[in-house]
Amino acid sequence: AIRATNVPHLNRYARLAAGSLPPEGAVVLGDDPVRLAFLQAELAREGKAGRYVPVETHNLSLAPYRAWLSRKNPGRWPDPGTEARSAVAGRVASQTNAPLDGPSLVRLVSRVAQSNQVYCLQPSVGWLLERFYLQPHGLLYEIKSYPPGFFSDPPPAWLSRGLTHELISELPNSLSYPLLTSVELEENRAFWQSAIETGLRPLLGLVSQAELPRPAFEKRLMKSGHLQTPPPAQAGVLGRWYSGAVNYWGVTLQRSGRWSEAAPCFALALELNPDNLPALVDSQCNSNLLAHHKMTVARTLSLPDKFGRGRGLLRVLTEDGPFDDPS
């Protein structure tokens, strides 16, 4: 049992995540506190913890948490006394300790991004994407501001009913975002070629087996003693974590027109987590693209029924990666 728990796969994941960060430092946003803790532990082990500011996004709206971030990271996180106040439709929050709303959180991260590189552990799909887009960087995602001219200014006249000019001016002119350059694609491809061999392939054997592999003689001893050692629980968790990241990389390749390169990514994502619904849909879409079949939009969808108990669309997208299908 001790040997099963001490397999190195979790350490490999943490090293790959830490290696995906810029060496000069960054602010790291995490929706999953467990995953963020593993990254912090690896950075501390490597003696790099002081270069990075880990932030739990679920607590970011709370004033005491932001004050603690400022005390712990002076000069790298805004001081609470000068932090932008929450404003919606021209009204400023009267309580300084009131939780920040979505637009105020976007402004806060925008301010942080002016002097720091900002990364996130998972592909966030919430309020951040009102102003930023995600650029894959290894196992993590860099949060980048949309380029000049992407947002509409002045806003279309027909949008002005019931909305403030500030909010309207932030609406995008496009539903897409800048694709990776050829250099960025090559950097990510090199990362994934190495990560798949060192981190993902060794994990596949554990994800798909009910019991840890062992020599024949040891199997007979275990059987005679009516003993069984299942794979460690971390194998299934890591399988899901890797699956979402590989699916995101496959979608990135597919949106860049590299359909044949995306196909094995979707297949690997499903091997790591057969319940990854976005990867399944993306794989089917990829097959249609490779076959040059005409893409259509389904009139009715029953996908919410397949999300699983307690999982809505936002959670599915965050954990399993994006859908890349017209429907």
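Throughout, read-outs are computed from the coordinates displayed, never taken from laboratory work. Every value quoted in this text rests on a predicted model; they were computed, and no experiment measured them. Neighbour counts run over all protein chains shown; Cβ positions are idealised from the backbone, glycine included.
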Practice item. Report ³J(HN,Hα) in whole Hz for each residue of the stretch 264-279, in order, from the Karplus equation J = 6.51 cos²θ - 1.76 cosθ + 1.60 where θ = phi - 60°; Gly and Pro get x. Key: x, 5, 5, 5, 5, 4, 6, 5, 6, 8, x, 8, 6, 5, x, 5
Review point. Taking +1 at the Cβ of each Lys and Arg and -1 at the Cβ of each Asp and Glu, which of Ala44, Pro22, Leu60 sits farthest along the dipole of the stretch 21-60 towards its positive end, judged by Cα position relative to the Cα centre?
Key: Ala44
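Compute the relative contact order of the stretch 17-85 as a whole-number percentage, counting only Cα pairs closer than 8 Å that sit 6 or more residues apart in sequence. All intermediate terms of the calculation are to be shown ahead of the outcome.
Numbers: 51 pairs, mean separation 19.9, N = 69.
Taking the mean separation of contacting Cα pairs over the length of the stretch 17-85, I get 29 percent.
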Review point. Based on the Cβ-Cβ distance from Ile196 to Met222, what FRET efficiency comes out when R0 is 35 Å, to the nearest 0.05?
Key: 0.65
Practice item. Enumerate the lysines that Lys48 could reach by cross-link, defined here as Cα to Cα under 26 Å, with residues fewer than 8 away along the same chain left out. Key: Lys72, Lys144
**Study point:** Kirkwood-Stokes translational diffusion coefficient of the stretch 24-77, alpha-carbon pairs, 10 °C, 1.306 mPa s, µm²/s
**Key:** 138
